[in-house]
Each structure stands twice: as C-alpha cells, then as structure tokens.
Amino acid sequence: MCVWRILALFSSVIADSRKCSNRSRYCAYLTKNTWIGASKNESCGSCFDAKIKVDLNEVFDGYWFTSEDNLYIAFREKVDFTERKVAYWKEEGESFIYKISLPKESSFGYGNTLIELNLQFMTRKSISSTDEIFAWIMICPCSARNSDDPCAASEDPLDSFDGKFCRSKKKGKKVVCMALCDKEGKRKMAQPNTAATCYRESDTHAAGRWEVLRNRIGSC
C-alpha cells in the first residue's frame, strides 16, 4: 500500500478540523530543525534575516493548526521585528516572547503541511550570531495556551530518524508517531514499520511515558 495512503488512514482525518472545543489542548516546542537560522543583513549592522520552517506532520496536534492560530518565538534579549505580522507579546522568565500571526488566507491540512516564514529583525546590542540570544519557538494549534505537554518531543524515541508523522488521538489525550526515512528523494516509512505512543492523560497508562509499539525499532 502506498505510504501516503497508509498515513492518511493512520491520521484518522476528521472533516471539520476546527472542532477543538472538546479536545485536550497543548502548545508544542518545535524541533531543532525549525529555526533555520539567521544571517546578517548588510543593510544595517544590527539587522538579521531569519527563516522558520515547520512541518505540521511532526507537530503532535499539527493537523488542527489553522491561520487562526499563532507561532511564538522567544529571545533572551529584546529585538525589533520589521514585519507587522510579528508583535511583542510578553516577558516570561528570562525570555522576551513575540507572537507571529499568519495570513488569514493561509490554509493547512493533509497535502499542505509546511509553514515557511522569512523574518527580519534588528538587535538592540551588537552580536555576532543570533545563537547568542535565540531561546525557543512554540506552536499552539487549537489556540492552545497550555505549554506543559507531558509527552515531550525531546524524549520521542523516533528523534533519530529522518522524520516522523504524528497525530493526537482520543480527543488529544494520546499521541502516536510513525518513523519516516528519506529514500530516493521521497519520504517512506522505516522498515519494519516503527511507531511510538505516549499518553498525555489516562486513567490506565502512565502519562508522559513514550513506548515503541511491539518494541520494534526499524531503520532507514
């Protein structure tokens, strides 16, 4: 069976992706591949051009993300963005958080899962690299406000694979991910098929504990 057909069945796509009211809602810190980095813009000494790339297939609740939701980016120092779509949100701990709004005409779902943004900002002090001040990026599908997801992406046992395809189940209380490999320019499932699960909320399973189904770990 075609990998994308299997993934389509695996995702249990629901017709109305905005039926969020009865779901458990969590924001997610994005993976290390999301922040592509920033390069100096020669137009001014403190200007940087940055790129953000998000594959919603790798976000646990990514299927539920729409243009009504937001991304959040945090720095350890205040910066000034040139785009109106980015606005200062609040200070939390040692981080200054900015909210990124997407064009309202944007649409996401099966077959359109990439968010790519180019941003420009100015720092308020001289730095050689944005790594000195960059803190994190967060995405909040279903307008989530709870960032304490017990199923931490950093503990996902599939992180060593080329990619993964994730979906939340049971009204957002369970996460299931399948390992993907880059082969001949295409994404294919690891062999043998490798899946991991984690319960966010459960009366019968320990919350926040990742398990590889059947203890079967494939390879690329």
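The values are calculated or read from the model by the stated rules, or taken from the named source; none is laboratory data. Since this is a predicted model, take the numbers as computed values, not measurements. Quick reminder, even Gly has a Cβ in these numbers, built from the backbone with ideal geometry, and neighbours come from all protein chains shown.
When only residues in the stretch 30-46 that are surrounded by 17 or more Cβ atoms within 10 Å (Cβ to Cβ) and modelled with pLDDT of 75 or more count, which is farthest from E201 (Cα to Cα)? Can you show your working first?
Going through the stretch 30-46, the residues surrounded by 17 or more Cβ atoms within 10 Å (Cβ to Cβ) turn out to be 30-31, 34-35, 38.
Cutting the leftovers down to modelled with pLDDT of 75 or more gives us 30, 38.
Values: L30: 21, A38: 38 Å.
Result: A38.
Yes or no: A153 touching a Phe, Trp or Tyr at 6+ places or on another chain (Cβ under 9 Å), at pLDDT 90 or above and not hydroxyl-bearing (S, T, Y)? Steps first, please.
Working: touching a Phe, Trp or Tyr at 6+ places or on another chain (Cβ under 9 Å): yes; at pLDDT 90 or above: no; not hydroxyl-bearing (S, T, Y): yes.
Spelling it out, it is not the case that A153 is touching a Phe, Trp or Tyr at 6+ places or on another chain (Cβ under 9 Å), at pLDDT 90 or above and not hydroxyl-bearing (S, T, Y).
When the residues of the stretch 113-161 are filtered to those that are closer than 30 Å to K186 by Cβ and assigned to a helix (DSSP H, G or I), which remaining residue is farthest from the chain's Cα centre (by Cα)?
My answer is E155.
Mind listing whichever residues of the stretch 188-205 are among the small types (G, A, S), assigned to a loop (DSSP other than H, G, I, E, B) and touching a strand residue (DSSP E or B) at 6+ places or on another chain (Cβ under 7 Å)? Steps first, please.
At the first step, the residues of the stretch 188-205 found to be among the small types (G, A, S) are 190, 195-196, 202.
Subsequent filtering for residues that are assigned to a loop (DSSP other than H, G, I, E, B) retains 190, 202.
Selection gives A190 alone.
If you check every pair at least six apart or on different chains, which have Cβ atoms under 6 Å apart with a residue in the stretch 14-43 that is under 16 Å from K169 (Cα atoms) and of a type in the set (S, T, Y) first and a residue that is modelled with pLDDT under 80 and surrounded by 12 or more Cβ atoms within 10 Å (Cβ to Cβ) second?
Close Cβ pairs (under 6 Å, with a partner that is modelled with pLDDT under 80 and surrounded by 12 or more Cβ atoms within 10 Å (Cβ to Cβ)) amount to Y26/A144.
Condition first: within 17 Å of the chain's Cα centre (by Cα) and either among the aromatic types (F, W, Y) or part of a loop (DSSP other than H, G, I, E, B) (or both). Now tell me which residues in the stretch 162-177 satisfy that.
D162, F165
Mind checking which residues of the stretch 173-187 are surrounded by 15 or more Cβ atoms within 10 Å (Cβ to Cβ) and modelled with pLDDT of 90 or more? Reasoning before the result, please.
Residues of the stretch 173-187 that are surrounded by 15 or more Cβ atoms within 10 Å (Cβ to Cβ), as a first pass: 173-181, 187.
Within the stretch 173-187, K173, K174, V175, V176, C177, M178, A179, L180, C181 meet the criteria.
Could you say which residue among G185, G172 is on the phi > 0 side of the Ramachandran plot and either in contact with a strand residue (DSSP E or B) (Cβ under 8 Å, 6 or more places away or on another chain) or free of Cβ contacts under 8 Å to residues at least 60 places away in the same chain (or both)? Walk me through how you get there before you give the answer.
On the way: G172 fails: either in contact with a strand residue (DSSP E or B) (Cβ under 8 Å, 6 or more places away or on another chain) or free of Cβ contacts under 8 Å to residues at least 60 places away in the same chain (or both).
Result of the check over G185, G172: G185.
Within the stretch 189-207, work out how many residues are of a type outside the set (D, E), surrounded by fewer than 16 Cβ atoms within 10 Å (Cβ to Cβ) and in contact (Cβ under 8 Å) with a residue 12 or more places away in the chain.
5
From A144, A152, which residue is surrounded by fewer than 20 Cβ atoms within 10 Å (Cβ to Cβ), under 30 Å from G208 (Cβ atoms), touching a strand residue (DSSP E or B) at 6+ places or on another chain (Cβ under 9 Å) and not aromatic (F, W, Y)?
On the way: A144 fails: surrounded by fewer than 20 Cβ atoms within 10 Å (Cβ to Cβ).
One residue alone meets the criteria, A152.
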